[in-house]
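Here the structure comes first, spelled out in structure tokens, and everything after it is commentary.
The values are calculated or read from the model by the stated rules, or taken from the named source; none is laboratory data. In this text, all values refer to a predicted model and were calculated from it rather than measured experimentally. For neighbour counting, all protein chains shown are included, and Cβ atoms are generated from backbone atoms with ideal geometry for every residue, glycine included. Calculation scope for accessible area: heavy atoms of the full protein, side chains included, ligands and nucleic acids excluded. Shrake-Rupley method; radii C 1.70, N 1.55, O 1.52, S 1.80 Å.
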Amino acid sequence: MIVCKFGGTSLCDASQIKKVSSILNSDSRRSIVIVSAPGKRDKTDTKVTDMLYNCHSLAQRAIPFLKQFDEITFRFTSIAKELGVHTDKIEEALNDIAFHIEQGVTADYVASRGEFLNALLISEFLGWELLDAAQLIVINEDGSIDENTYHTIAMAIDPDKKYVFPGFYGSTKEGEIKTFSRGGSDITGSIVARSVGAELYENWTDVSGIFMADPRIISDAKVIDSISYREVRELAAVGFNVFHEEAIAPVRQASIPIRVKNTNRPEDQGTVIVPSRDASQNPLAGVTVKTGYCRLSVEKLMLFKQKGIRERLENTLHTMGVFPELSAFNIDSIIWFFPSSQVANGLLESIASLLNKEFALDDAVCETGFALAAVVGEGFGKNIKKISHVYTALQQHSIHVVFSSFGISKTAGIFVVSESQAHDTVKVLYEDLLR
Ligand code: ASP
């Protein structure tokens with residue numbers, strides 16, 4: 001059995017949905033399809049999920065939202081009409097949703113309706129049975145998946161039938177609808193694939209796989225043939241967003257391969273994500289960069305003489321909403337890197353003085369404008385000598401490495417640079433290590 005997930009751009013209009021239908025029907029093993037809400041039709045368009053969030057936010061502020069809701073209604077009914085699908089059920093569901101928004105339901109409930117409505121529409125079009133994620137996926141308070149979910153889904157599926165399954169949401173133990181983080185339909189696909197023990201999880205999108213570097217930076221970046229789960233997670237942590245990083249866990253436990261494919265070019269091989277890969281031919285998988293980081297550094301003589309100081313400092317950071325993604329320390333100092341977006345602008349300036357006050361530090365500085373660049377590959381550890389030469393190349397391009405981290409992970413190395421040099425850093429790393 002193959003479980004397929006199609007993203008928002010693959011389902012943004014009737015002609016895309018027809019492509020999806022022909023992909024599904026071209027292989028009888030494709031018997032479960034997970035769908036996102038309709039995405040952008042072009043760069044200026046708005047995703048249905050964002051339109052729904054907007055309606056919810058208007059309703060919360062007691063501002064009329066029906067005009068905006070009508071656009072959602074129009075979007076779904078016009079797709080249905082073009083596909084020759086009866087609109088009765090969809091219109092009934094839309095009226096019900098508008099009523100619930102008026103009643104003040106949660107943002108999660110409203111956002112989840114994009115996937116629900118699209119699943120309803122596509123199940124009518126394909127003639128496949130609709131399953132409701134709210135009845136089958138239980139999401140714990142901490143965001144993890146309740147273990148019974150896998151069994152519940154397995155029980156709901158008859159291997160001789162075909163199903164449409166809405167992505168992006170499940171429900172809490174109490175039965176309230178709860179969504180995953182944005183892009184979370186990938187997670188739904190992964191949960192369903194594991195539940196049915198799929199031979200393959202196909203993740204259909206609008207690009208022909210995972211690139212070795214962002215094609216907006218390296219225009220001729222190569223598509224990766226095969227990449228490990230671990231490599232994908234490491235790349236995703238630093239800005240790669242072809243596949244949701246949280247979607248790895250369920251399939252990893254069952255060793256189910258994931259193939260990322262392009263709905264608009266189904267003949268392209270795409271990229272396969274596997275439990276492990278032979279890294280002798282291609283030791284490195286890719287390079288990526290993420291901008292918008294802050295560096296917070298603190299210093300104090302005999303800092304670590306105070307037991308638990310690091311933990312206490314970090315707890316204080318957590319209370320300010322700061323959750324560092326990279327840190328290092330030595331005898332009298334600690335540095336942390338965290339996304340500036342974690343903290344409201346005005347607050348950033350006060351972090352250092354707050355810490356100074358509370359911990360009587362010698363020095364505390366918080367600066368913005370950094371980027372984290374990562375080189376990722378299963379063969380990273382064995383090629384450290386080659387990789388360390390890249391410092392020379394970076395220097396030749398006048399790129400100043402503020403901080404680097406090798407050895408925390410077996411599969412990745414991080415270079416921190418100034419934001420203004422982010423793209424140049426990727427170019428040098430790509431030319432030097434991956435070309
Ligand atoms: N529709 C949701 C979003 O826009 C989930 C998804 O597409 O995976 O984030």
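Below is a table of values for the structure above.
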quantity	calculated
Any hit, region 20-33, residues being touching a residue at least 60 places away in the same chain (Cβ under 8 Å), open to solvent by 10 Å² or more (accessible area, probe 1.4 Å), farther than 15 Å from residue 164 by Cβ and not polar (S, T, N, Q)	yes
Given (1) more than 16 Å from the ligand (Cβ to nearest atom); (2) part of a loop (DSSP other than H, G, I, E, B), number of the condition residue 40 does not satisfy	(1)
Selected residue (only one of 164, 232 is hydrophobic (A, V, I, L, M, F, W, C), in a strand (DSSP E or B) and either within 16 Å of the ligand (Cβ to nearest atom) or open to solvent by less than 50 Å² (accessible area, probe 1.4 Å) (or both))	164
Count of region 289-301 residues which are open to solvent by 10 Å² or more (accessible area, probe 1.4 Å) and either assigned to a loop (DSSP other than H, G, I, E, B) or hydroxyl-bearing (Ser, Thr, Tyr) (or both)	4
Flag for residue 383 being open to solvent by 10 Å² or more (accessible area, probe 1.4 Å) and either free of Cβ contacts under 8 Å to residues at least 12 places away in the same chain or of a type in the set (D, E, K, R) (or both)	no
Region 12-46, subset in contact with a Ser or Thr (Cβ under 9 Å, 6 or more places away or on another chain) and basic (Lys, Arg), residue farthest from residue 82 (Cα to Cα)	40
Search result, residues across region 377-400 that are farther than 17 Å from residue 416 by Cβ, assigned to a helix (DSSP H, G or I) and of a type in the set (Gly, Ala, Ser)	381
Restricting region 144-161 to residues that are touching a residue at least 24 places away in the same chain (Cβ under 8 Å) and in a loop (DSSP other than H, G, I, E, B), the residue that is surrounded by the most Cβ atoms within 10 Å (Cβ to Cβ)	157
